[in-house]
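Report on the structure given below.
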Amino acid sequence: MDLENLDKWAKIKGIKVLGTGDFTHPEWFKSLKEKLKSAEAGLFQLKSGNSETRFILTAEISCIYSKNNRVRKIHIIVFAPSFEAVDNINARLGWIGNLKSDGRPILGLDAKELAKIVLGASEDCLVVPAHAWTPWFSVFGSKSGFNSIEECFEDYSKYIYAIETGLSSDPAMNWRLSALDKIALISNSDAHSPSKIGREANVFDLPFLSYDSIITAIKTKDPQNFLHTIEFFPEEGKYHYDGHRSCEIVLSPEESKKYNNICPTCGKPLTIGVMNRVEELADRPAFDKSSAGKPQNAVSFKSLVPLGEIIAESLGVGVASKQVQKEYKNIIKNFGNEFKILLDATRQELESAALPEIAEGIIRVREGRVSIEPGYDGVYGKVMIFSQSERKDILKQKTLF
C-alpha cells in the first residue's frame, strides 16, 4: 500500500483521484511530502514519472469519548487542501493522543471538537462521518452512535456537508431519513489492500479538476458536477443484517424483533446491523429498486460487484485462485481498467474479450440480477450471480466444448 502501488492500482481500477489515507501518521505523512508534488490546486501526483493519478490528502480518525452518559465511538474522515493544513491539524492532534501508534489514530476527543480543530486549521477542510451506519464505530451506529448529526456535532453540524454510506448501506437506505436530504452521500472504499481500491467510488464531471472543485461538488450536490456514486450491494456489507458471528445466527430486523434483539442460541444481545438501525431512525418507507420518488437533488447511484468476485463466481472458484488472476489480467489488458468493464463495455465487447460466463456475469451484476445472502456481525454477505442449476449447465457446456 505504498504510493507507487496505489498509483499502479488506481490505473488498473480506472480511478483518477485517490485519497492518500492516514496523513496523521508521521512516517506516512513524511513519505507523502517526499514522494508527491503539487499538480492541480490542492491535488498531488507522484514526483517520479508523469502519472495521471491524482492524490487528495485524507485521513480517518477514531474518536472514543463519553457524551450524555454513553461511550461514543465515531470514525471521521478528514479531507485537507494542503500539506500546511495537515501540519497544523497534526500538531494539534499530537497534543491529544499518540499519532504514531496507528494509521487511524484513536483519540479521546469529542467529534465536535475534532471538527473545530480541523476547520480551525483550514476552512477548506471537509469533515465527513465515516461508514455512518456500522454498529461499533459510526455516527449512527447501534452500539455507540447518535440518533442525529446535530446530537453528535451540535453547533458544528452546519459544517457537516456529507456522510459516507459505507459498504452495508446504499443511498436509497439513507434517503429514508428526511434529516439527511441536505447531506451529500459519498462512497469511498476503505481499502486494506491495493486490489480492493475502488470497491466504492464517487463519479464527477467537473469544469476543471482541483481540490476545491471536488469539495464544492460534494457540498452543493450539483447533479451537473456530482453524477453518481458507485456502491456495494449493501447486503454484501459486513453489517447489513443483525446477528451473532460466533453462533452463526443471521436475522432480518423483523426476525430480531421476535427475539427482542436477543440471540436465540446464546441468550446474549445481538449485534444490531445497518438495516435495523435505518428502520429505527427512518421517517419514510423504503424506496423501490428504480429509486422512484427519491428526494429532490439526491445524487443517484449504481450498485456493482468487484470484477474479481464476478470472475470467481462465474467460474465457481475462489477469488484468490490463479484462474481468477489470469482472467482478471486478460480482461483488464483488453479494456484498460475495471470501471470501464463494469460500467461501459457492451455485451458484444465483453463476449469478444472474456469467457461467455464472465461476460454474462458482468451484465447480470450491472442489471442487478443477483441474489445475496446478507452479511452480519462482521461477516461479508455472499453474492450469487448464477443458480446451482445454471452453474451445472455452464460446467456441462465447458466439458462439451
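The values are calculated or read from the model by the stated rules, or taken from the named source; none is laboratory data. These figures come from a predicted structure and were not determined experimentally. Note: ideal-geometry Cβ built from the backbone for every residue, glycine included; neighbour counts use all protein chains shown.
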Conditions (1) more than 30 Å from Gly308 (Cα to Cα); (2) surrounded by 22 or more Cβ atoms within 10 Å (Cβ to Cβ); (3) among the small types (Gly, Ala, Ser) -> Ala10 fails only (1)
Looking across segment 98-123 at residues that are of a type in the set (A, V, I, L, M) and outside any helix (DSSP H, G or I), the single one that is surrounded by the fewest Cβ atoms within 10 Å (Cβ to Cβ) is Ile106
With the first residue restricted to segment 212-223 and required to be over 15 Å from Pro81 (Cβ atoms), and the second required to be part of a helix (DSSP H, G or I) and not hydrophobic (A, V, I, L, M, F, W, C), Cβ contacts under 7 Å at 6 or more apart or on different chains are none
Counting only residues in segment 270-325 that are part of a loop (DSSP other than H, G, I, E, B) and among the basic types (Lys, Arg), the one surrounded by the most Cβ atoms within 10 Å (Cβ to Cβ) is identified as Lys294
Among residues of segment 17-34 being more than 18 Å from Lys196 (Cβ to Cβ) and in contact with a strand residue (DSSP E or B) (Cβ under 6 Å, 6 or more places away or on another chain), the residue surrounded by the fewest Cβ atoms within 10 Å (Cβ to Cβ) is Thr24
query = Mind checking whether some residue in segment 115-126 is within 25 Å of Gly378 (Cα to Cα) and hydrophobic (A, V, I, L, M, F, W, C)?
reply = no
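Pull up segment 234-264, narrow it to residues that are of a type in the set (Phe, Trp, Tyr) and surrounded by 20 or more Cβ atoms within 10 Å (Cβ to Cβ), then point me to the one that is farthest from Lys196 (Cα to Cα). Spell out the reasoning first.
Keep residues of segment 234-264 that are of a type in the set (Phe, Trp, Tyr), which gives 239, 241, 259.
When the remaining residues are screened for being surrounded by 20 or more Cβ atoms within 10 Å (Cβ to Cβ), the result is 239, 241.
Details: Tyr239: 18, Tyr241: 23 Å.
Ranking the candidates gives Tyr241 first.
Residues are listed down the side, and each one gets a yes or a no for (1) farther than 16 Å from Asp87 by Cα; (2) assigned by TED's automatic domain parsing to the domain that holds Asn188; (3) assigned to a loop (DSSP other than H, G, I, E, B):
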{"position": "Asp22", "(1), (2), (3)": "no, yes, yes"}
{"position": "Gly42", "(1), (2), (3)": "no, yes, yes"}
{"position": "Gln45", "(1), (2), (3)": "yes, yes, no"}
{"position": "Thr58", "(1), (2), (3)": "no, yes, no"}
{"position": "Ser62", "(1), (2), (3)": "yes, yes, no"}
